[in-house]
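What follows draws every value from the coordinates through simple rules; no lab data is involved. Everything numeric here is computed off the predicted structure, so don't read it as measured data. Cβ sites come from the backbone with ideal geometry, for glycine too, and all protein chains shown count toward neighbours.
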Amino acid sequence: KAGVTQTPRYLIKTRGQQVTLSCSPISGHRSVSWYQQTPGQGLQFLFEYFSETQRNKGNFPGRFSGRQFSNSRSEMNVSTLELGDSALYLCASRQLGGDEKLFFGSGTQLSVL
Amino acid sequence: GDSVTQMEGPVTLSEEAFLTINCTYTATGYPSLFWYVQYPGEGLQLLLKATKADDKGSNKGFEATYRKETTSFHLEKGSVQVSDSAVYFCALQGGSEKLVFGKGTKLTVNP
């Protein structure tokens, strides 16, 4: 079974631009969560999607948004990028009900210049 | 709100040394507790978990016991190996189902 796949692996943008990150969950997993990882703040929850609906949301500004498609793939968008948005963005999928173990992708390293 | 505090390190040990990484939490109700590990260049992997008080999670020689009275979930391993070098994250999942992570502890094991 393929793991959680995130693309691209690395991304360099400039302030003010917008960016879209992609996440393909493990086959059969309908829940996808996004996390931001920085050296200063650690891992912070962004949002979770299940069956194309946002199920949970962290404390991030509206510039951070996401969506989920009918095949459970998810995208995360950050508009009007700021230097502080430089981070590793991790996606995780799980199968709600039962074990509900979270499986993480390798992340997208975003650098904002 | 819910929070997790863990020793930030870095921690440097020699091979076969005993490891303890402290983790305490604040939460309402009865959260589930987890340890995740992140190897260089990779995402997080679940190492072990415990879902109720006095449960002991264990995996790959690592252990942690859910202590409700001290709100702690310390990670231990009796004899570390070079391959255990990684960043370790303590986390909790409460009623909101969001995972709340500690800031991570970097472990380096020298041969």
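Things worth noting here:
- Tally, over the range B:56-77, of residues that are part of a strand (DSSP E or B) and away from chain A (no Cβ under 14 Å): 11
- The residues listed here are B:Glu69, B:Glu42; of these, the one that is among the acidic types (Asp, Glu), in contact with a Ser or Thr (Cβ under 7 Å, 6 or more places away or on another chain), exposed (fewer than 15 other Cβ atoms within 10 Å of the Cβ) and farther than 15 Å from B:Leu19 by Cβ is B:Glu42.
- Applying the condition of being of a type in the set (Val, Ile, Thr) and more than 9 Å from chain A (Cβ to nearest Cβ) to the range B:78-100 and asking which residue is surrounded by the most Cβ atoms within 10 Å (Cβ to Cβ) yields B:Val80.
- B:Met7, sole failed condition from (1) in contact (Cβ under 8 Å) with a residue 40 or more places away in the chain; (2) under 19 Å from A:Phe45 (Cα atoms): (2)
- Only one entry in A:Arg63, A:Arg73, A:Arg67, A:Arg15 is more than 14 Å from chain B (Cβ to nearest Cβ) and either under 22 Å from B:Phe34 (Cβ atoms) or more than 14 Å from the chain's Cα centre (by Cα) (or both), namely A:Arg15.
- Answer residue from the range B:101-111, given it is assigned to a strand (DSSP E or B) and surrounded by 17 or more Cβ atoms within 10 Å (Cβ to Cβ) and is nearest to the other protein chains (Cβ to nearest Cβ) among those: B:Phe101
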